[in-house]
Amino acid sequence: MNRAVAERPDEPVIERVLFSEGQIRARIQSLAAEISQDYAGADLVMAGILKGAQLFTCDLARSLRVPVSVDFLSLSRYKRSPQTRVVEITQDLEASIAGRDLLLVEDIVDTGLTLHYLIQQLTERAPRSISVCSLLDRSALRLADIPLRYAGFHVNEEFLVGYGLDYRERFREAPCISVLSREGWASPAE
């Protein structure tokens, strides 16, 4: 097993690369070709969900062969009580989506609960359509019915970092997606 060595004993370490930079680039090209075909002649707005989807959104937009407006949203998830989680849009879209096709871009879709809430909120703005493109799909954890039209890779429950995915704001800048070792780090919920 090829493991990165931590500088400090409590630092998280990369266990292995799951998707290389080349694999990610090739998959983005494939997704872009499919999206370009599906949205030929459309008034497309692509909205990346910050922070995780920033790199993916930009690389995907550059690979499209159709005109696209790129925008970003930021969400905050917090617990109001042990039983209630609240989602708040902390950075909203700048442009109107009324009558336009909206493609939400995510880094990873797990339960889908936050995305389900976001789609409900954005539907009230009368877009022509709303679709979702996620680089990673963890469908085994899905609790909400999400219209995930485009998925880059299907993944299991391993903790992933890189290419926008982070562990406590670290590893986002890595050009590949790796599995983080569970040894020597605290659970993300802590």
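The values are calculated or read from the model by the stated rules, or taken from the named source; none is laboratory data. What you are looking at is a predicted structure, and each value in this text was computed from that prediction instead of being measured. Quick reminder, even Gly has a Cβ in these numbers, built from the backbone with ideal geometry, and neighbours come from all protein chains shown. Heads up: the accessible areas ignore ligands, DNA and RNA and are worked out on the full protein's heavy atoms, side chains in. Shrake-Rupley method; radii C 1.70, N 1.55, O 1.52, S 1.80 Å.
Scanning region 102-143 for residues that are farther than 27 Å from P175 by Cβ, among the β-branched types (V, I, T) and either in contact with a helix residue (DSSP H, G or I) (Cβ under 9 Å, 6 or more places away or on another chain) or touching a residue at least 40 places away in the same chain (Cβ under 8 Å) (or both) yields T111, I130.
Residue count for region 96-130 under the criterion of being open to solvent by less than 10 Å² (accessible area, probe 1.4 Å), within 20 Å of F153 (Cα to Cα) and not aliphatic (A, V, I, L, M): the result is 1. Out of all the residues in region 9-60, which are β-branched (V, I, T), part of a helix (DSSP H, G or I) and either over 28 Å from S96 (Cα atoms) or touching a residue at least 60 places away in the same chain (Cβ under 8 Å) (or both)? Listed by number, the residues that qualify are I24, I28, I35.
In region 74-92, what count of residues is obtained for those that are modelled with pLDDT of 65 or more and open to solvent by less than 40 Å² (accessible area, probe 1.4 Å)? Number satisfying all stated conditions: 5. Every listed requirement among (1) in contact with a strand residue (DSSP E or B) (Cβ under 8 Å, 6 or more places away or on another chain); (2) in a loop (DSSP other than H, G, I, E, B); (3) farther than 27 Å from V17 by Cβ is met by S96 save one, (1). Taken as a whole, the structure places R125 among residues that are part of a loop (DSSP other than H, G, I, E, B), among the basic types (K, R) and closer than 30 Å to I97 by Cα. Consider region 122-157 and keep the residues that are closer than 17 Å to G48 by Cα and modelled with pLDDT under 95. The one that is nearest to the chain's Cα centre (by Cα) is L148.
For region 144-170, a tally of residues being within 15 Å of L18 (Cβ to Cβ), outside any strand (DSSP E or B) and free of Cβ contacts under 8 Å to residues at least 60 places away in the same chain returns 3.
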